[in-house]
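Let me begin by presenting the structure, written as structure tokens, before commenting on it.
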Amino acid sequence: MKTTLSVIKADIGSIGGHLKPSERLIDRVREFLNDNQDGMVNDLYIGHTGDDIAILFSHQQGVGSDKIHKLAWDAFLAGTEIAKEQGLYGAGQDLLKDAFSGNVKGMGPAVAEMEFEERPNEPFLLFCADKTDPGAYNLPLYLGFADPMHNSGLMLSPSMSKGFKFTIMDVAHIEGDKTIELNAPEEIYDIAALLRDNERFVIESIHSRETGDIATSVSTTRLHNIAGKYTGKDDPVMLVRVQGAFPATGEVLSPFSIGHYVAGFMRGSHIGPLMPVVKNSSVSYFDGPPVVSCLAFCVHQGKLTTPADAFEHPYWDWVRSRVAEKATEIRAQGFFGAAMLPYSELEYGGIVAKMNKLEKKFTVKK
Ligand code: 13P
Ligand code: 13P
Ligand code: MG
Ligand code: MG
């Protein structure tokens, strides 16, 4: 049986700044979905990571279904009404267009989807990150799918010995999706050359070269490409199938122990380490640090199990402490150098106005 998984997430308002949505808001989104799904959804799950609400749909409408996208959009609109009623901060923040036009891609919400023939057992992972952007997944996906230091199955499992195909998007290109397909292991240096630039080149999907099956799908939205100005961070979601021809769950999780530095800390303008957190976590310190949650599910004939919270294990408490230290270290240098994003990536118009004003005051000595 063919199943489609669609995760659609948006920030539609949060309590006390950009920390977390209210219970009432989430309840309203859930209630709207239950009342309006009209048998088109096999199952769904709702949760939040920081101030972003993610809806995971299991259905049979295929990828890019206008019905599913509209259902999510309308649920976010219903939630936004509650956000306004409660005076939440940034009500409707990620709903950037006035009218739904067939697909939420390009309208503000982040989307990751995949359709596949269900295996007899179908384990997969849902990742949701806040205060960062889609390039945050470049390093863990590279290590989890192409490096035997993290993915021992590349050595041990015959079903992974051909490696994986990476589809990488140039997100700086805004007239349509510009992508390239590269194969690991043969083209690993080319893959690395692109992926080092997290802000421009982003993994969009990964496929098994053994079976051709989709393994990973990442949301690649860049909000400032849509709005033309800063409206919030791109806070990416990702689906990863695991086991069998794909990495084991623990191999996909392994690189998240690094707490690598990503863009998106405070005002989407600073660099901070990515902290693995439990489901429905908020953010705090310096509007961060950037966080990522991971829920493990199985889907069978369209029905989802309850999720296992992958970062709940005590091992990750130790990682979180280390990441907190890394966050404090980089914050010690405030706005200097590597602690902040380069001028080209700064998302606030204020700095552009300031630079324009200062430019006039510069003098050049011949
Ligand atoms: P089980 O033997 O518990 O299925 O584990 C297989 C494995 O090695 C996963 O890493
Ligand atoms: P969000 O994009 O998660 O709303 O965060 C905005 C921000 O930069 C807070 O400092
Ligand atoms: Mg927000
Ligand atoms: Mg957010």
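What follows draws every value from the coordinates through simple rules; no lab data is involved. Not measured: the values here are computed from a predicted model. Because the Cβ atoms are built from the backbone with ideal geometry, glycine has one as well, and the counts that use them run over all protein chains shown.
Based solely on its DSSP helices, what 222 nm [θ] is calculated for the chain when runs of n ≥ 4 H residues each add -39,500 (n - 2.57) and the sum is averaged over all residues, nearest 500 deg cm²/dmol?
-7500 deg cm²/dmol
Once label points are set 7 Å from the Cα along Cα→Cβ at both ASP74 and ALA308, what is their separation, rounded to one decimal in nm?
The modelled label-to-label distance comes out at 3.7 nm.
Lysines within cross-link reach of LYS360: Cα-Cα under 29 Å, excluding same-chain residues under 8 positions apart?
Of all the lysines, those that pass the test against LYS360 - Cα under 29 Å, at least 8 places apart if same chain - are LYS229.
How do THR306, THR80 line up, fewest other C-beta atoms within 10 Å first? Let's see the in-between values first.
On the way: THR306 9, THR80 23.
The fewest-first ordering by Cβ neighbours comes to THR306, THR80.
In this model, which of LYS67/LYS165; LYS20/LYS97; LYS131/LYS303; LYS97/LYS131 are farther than 25 Å apart at the alpha-carbon?
Values: LYS67/LYS165 30 Å; LYS20/LYS97 23 Å; LYS131/LYS303 31 Å; LYS97/LYS131 22 Å.
Result: LYS67/LYS165; LYS131/LYS303 exceed 25 Å.
What is the sum of charges, Lys and Arg at +1 and Asp and Glu at -1, for the other residues whose Cβ falls under 11 Å from the Cβ of GLY106? Intermediate values should be presented prior to the final figure.
On the way: positive: LYS97, LYS105, ARG222; negative: ASP177.
Taking every other residue near GLY106 into account, the sum is +2.
Specify the inter-centroid distance of the stretch 323-366 and the stretch 172-203, based on alpha-carbon positions, in whole Å.
Value for the Cα centre distance between the two parts: 27 Å.
For the stretch 278-366, which chymotrypsin sites (Phe, Trp or Tyr not before Pro) are in a loop by DSSP, counting at most 11 other Cβ atoms within 10 Å?
Details: sites: TYR285, PHE286, PHE297, PHE311, TYR315, TRP316, TRP318, PHE335, PHE336, TYR343, TYR348, PHE362; in loops: PHE335, PHE336, TYR348, PHE362.
Within the stretch 278-366, the qualifying chymotrypsin sites (Phe, Trp or Tyr not before Pro) (loop, at most 11 other Cβ atoms within 10 Å) are PHE335, PHE336, PHE362.
Quickly work out the LEU358-to-SER152 label distance, labels modelled 7 Å from Cα along the C-beta direction, and quote it in nm with one decimal.
5.2
Report the residue, chosen from GLU312, GLU85, GLU199, that carries the largest GNM mean-square fluctuation when the chain is represented by alpha-carbon nodes joined by springs under 10 Å.
GLU85
Mind putting a number on the dipole of the stretch 8-164 about its Cα centre? Charges go on the C-beta only, +1 for Lys and Arg and -1 for Asp and Glu, and I need it in Debye to the nearest 20. The partial results should precede the final answer.
Details: 13 positive and 23 negative charges, 59 e Å.
Roughly 280 debye for the stretch 8-164.
Taking the Cβ of ARG209 as the centre, find all other residues whose Cβ is under 13 Å away and add up their charges (Lys, Arg: +1; Asp, Glu: -1).
On the way: positive: LYS162, LYS165; negative: GLU181, GLU186, GLU187, GLU210, ASP213.
Result for the neighbourhood of ARG209: -3.
Reachable lysines from LYS366, Cα under 17 Å, same-chain residues fewer than 8 places away excluded?
none
About the Cα centre of the chain, what is the dipole size in debye to 20, counting +1 per Lys and Arg Cβ and -1 per Asp and Glu Cβ, all else neutral? List each step's numbers first, then the result.
On the way: 36 positive and 47 negative charges, 272 e Å.
Roughly 1300 debye for the chain.
Could you work out the relative contact order of the chain? I mean the mean sequence separation of Cα pairs under 8 Å and 6+ apart, divided by the number of residues, in percent. Write out the running numbers ahead of the final one.
On the way: 824 pairs, mean separation 70.3, N = 366.
Relative contact order, the chain: 19 percent.
Give me the one-decimal nm value for the distance between modelled label points at ASN36 and THR211, 7 Å along each residue's Cα-to-Cβ direction.
Between ASN36 and THR211, the label points sit 3.5 nm apart.
Charges on Cβ only, +1 for Lys and Arg, -1 for Asp and Glu, centred on the Cα centroid of the stretch 148-241; of PHE164, THR220, PRO185, which one is farthest towards the dipole's positive end?
THR220
Give the residue from ALA78, PHE57, TYR89 lying farthest towards the positive end of the charge dipole for the stretch 42-98; charges sit on Cβ (+1 for Lys and Arg, -1 for Asp and Glu) and the dipole is referred to the Cα centre.
The residue sitting most towards the positive pole is PHE57.
How much net charge surrounds ILE168 when only other residues with a Cβ under 12 Å from its Cβ are counted (Lys, Arg +1; Asp, Glu -1)?
After counting each charged neighbour, the total is -3.
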